[in-house]
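We did not get these values from a lab; they are worked out from the coordinates using the rules stated. Everything quoted here is computed from the prediction, not taken from an experiment. Glycine also receives a Cβ, built like all others from the backbone with ideal geometry; neighbour counts cover every protein chain displayed.
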Amino acid sequence: MAAANITVSETPLVLYTLRRADDALILGHRLSEWCGHAPMLEEDMALANMGLDLLGQARELYSYAAKVEGGRNDEDKFAYLRDVRQYRNLLLLEQPNGDFARTTVRQFFYAAFADLYWRAMMRSSDPTLSAIAAKSEKESAYHVRHSSEWLIRLGDGTEESHRRAQAAIDELWAFTGEMFSVDDSERGLIDAGIAIDPAPLRPQWLNTISSVVSEATLALPDNDWMQQGGRSGRHSEHLGHLLSELQSIQRSFPGATW
Amino acid sequence: MVTAVLSDADLRWRAWEAASQVVDPEIPVLTIADLGVLRDVQVRDGRVEVAITPTYSGCPAMNMIELEIELALERAGIARPTIRTVLSPPWTTDWMSEDGRNKLRAYGIAPPQASSSRRALFGEQQVACPQCGSGDTELLSEFGSTSCKALWRCKACREPFDYFKCH
Ligand SMILES: [Zn+2]
């Protein structure tokens, strides 16, 4: 019999923490899908390493969410026993890997944000969140640098790599707005000094993005329309496919352990 | 039972001695004390509490290290220690001991550069080859065989080598 979904009491702090944990888990899982398939050995290791950083961040965040919630769930239950509508990650991060350019652009858009976000979150009045932020910020700095270097190589590379990199930017752009948006639940945490407001980070993010994109001889779309929904559980079809793979063992053999 | 006859200070010392001998499963020349992963050992009501900190969030060696600490303490006659993971202050390469850096170099891994400032992360790095000492080296990949290492190559002796990343 398939394992049932858990129920989660999403107080603002639990919801906030799960959103960041889901971001890290879903992107980490996407990166792990490259394992054994990357264009070269060094890149295979790089993608797996970045995935591992994210998985580590996810574990810390899930464990904290479990503690705040009162201990009826744990990191594994959050990861394996919630369905698509219970996931709270950004839509950007569940987008399929596509070609290497698409993976690079997705990583670049997010890492440039995460780097600023976690650095700002080091000021959180919540000691666990600020400690996780301090750890994640260091790792994000490597992810930004790595993905920036690749984007420049791809954009300023061959006609083919340039075309693919530009197509990836055009396709993923509409998912970037969600990183900076905040709902009422999160607004309360921001007012209390537990979370930080991501909106003021956008100019600096745009600055980093623009300078790398222009060095890569690529261009940002001037389209301002942004897609949202991941934070409240409205996902693209891609997340369902991802979760069916990520959760298959626990769903088929509830409680299975190594 | 050994714990019953030792004072807390002696017990703490014995536990520290045992825990500090545990080596990193991925870099077996370094102990967790050399690395700075072993943060603290406390005795509370006769029970030993060991605090460790991960180098990288996703470091897969942490579970192994916890197990090794338990076994090492058991061998020293200390049963059922509590092992806590602390995140703050975050680990940086500055936590690595000078002794650890020398052992790393002798093992063929270039030790992290002294300063772990954020600027260093984006600036030009110069890493000396652990084999021949030449500074004429180049970065091959920022991500090496484990999360904490990058892959470099020496242009003087032509050997590739791991560099323990500044963090
Ligand atoms: Zn050399």
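The table below lists the values:
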{"read-out": "Residue among A:Gly70, A:Thr103, A:Tyr117 farthest towards the positive dipole end of chain A, charges placed on Cβ", "value": "A:Gly70"}
{"read-out": "FRET efficiency estimate (nearest 0.05) - Cβ-Cβ, A:Asp99 to A:Asp183, R0 41 angstrom", "value": "0.75"}
{"read-out": "Averaged over B:147-153, number of beta-carbon atoms from partner chains that fall within 10 Å", "value": "3"}
{"read-out": "Distance between modelled label sites at B:Glu159 and A:Asp224, nm, 7 Å Cα→Cβ extension", "value": "6.0"}
{"read-out": "Over 34 Å [Cα-Cα, the stretch A:12-252], rounded percent", "value": "11"}
{"read-out": "Positive minus negative residues near A:Asn223 (Lys, Arg vs Asp, Glu; Cβ under 14 Å)", "value": "-4"}
{"read-out": "Net charge contributed by nearby residues that have their C-beta within less than 12 Å of B:Ile52 (K/R +1, D/E -1)", "value": "-4"}
{"read-out": "Summed side-chain charge close to A:Leu93 - residues other than A:Leu93 whose Cβ falls under 13 Å, Lys, Arg +1, Asp, Glu -1", "value": "+2"}
{"read-out": "Gain upon complete extension [A:Ser32, A:Asp197; 0.36 nm per residue less C-alpha separation]", "value": "56.4 nm"}
{"read-out": "Charged-residue dipole, Cβ positions (Lys, Arg, Asp, Glu), the stretch A:1-157 about Cα centre, Debye nearest 20", "value": "440"}
{"read-out": "Neighbour count of at most 15 Cβ within 10 Å plus DSSP loop: longest trypsin sites (Lys or Arg not before Pro)-free window in chain B", "value": "B:1-154"}
{"read-out": "Unpartnered cysteines - no second Cys beta carbon under 4.7 Å - across the protein assembly as shown", "value": "A:Cys35, B:Cys59, B:Cys148, B:Cys166"}
{"read-out": "Size of electric dipole in the protein assembly as shown: Cβ of Lys, Arg +1 and of Asp, Glu -1, about Cα centre, debye, nearest 20", "value": "540"}
{"read-out": "Mean shadow area of the protein assembly as shown, taken as a quarter of the surface of its Cα convex hull (nm²)", "value": "22.6"}
{"read-out": "Simple label model, 7 Å out from Cα along Cβ direction - B:Arg75 to A:Ile190, nm", "value": "5.4"}
{"read-out": "P(r) of the stretch A:72-204 over all Cα-Cα pairs, binned every 5 Å from zero, in whole percent", "value": "2, 10, 15, 18, 20, 17, 10, 6, 3, 1, 0"}
{"read-out": "Helix-only [θ]222 nm of chain B, DSSP H runs n ≥ 4, -39500 (n - 2.57) each, per residue, nearest 500", "value": "-8000 deg cm²/dmol"}
{"read-out": "Top positive-direction residue, dipole computed over the protein assembly as shown with Cβ charges, set A:Pro127, A:Ala48, B:Tyr107", "value": "A:Pro127"}
{"read-out": "Where trypsin sites (Lys or Arg not before Pro) in DSSP loops with at most 14 other Cβ within 10 Å are excluded, longest remaining stretch of chain A", "value": "A:124-233"}
{"read-out": "Most mobile listed residue (A:Thr158, A:Thr176, A:Thr103) in chain A, GNM with C-alpha springs under 10 Å", "value": "A:Thr158"}
{"read-out": "Alpha-carbon Rg/Rh ratio, for chain B, with Rh computed the Kirkwood way", "value": "1.05"}
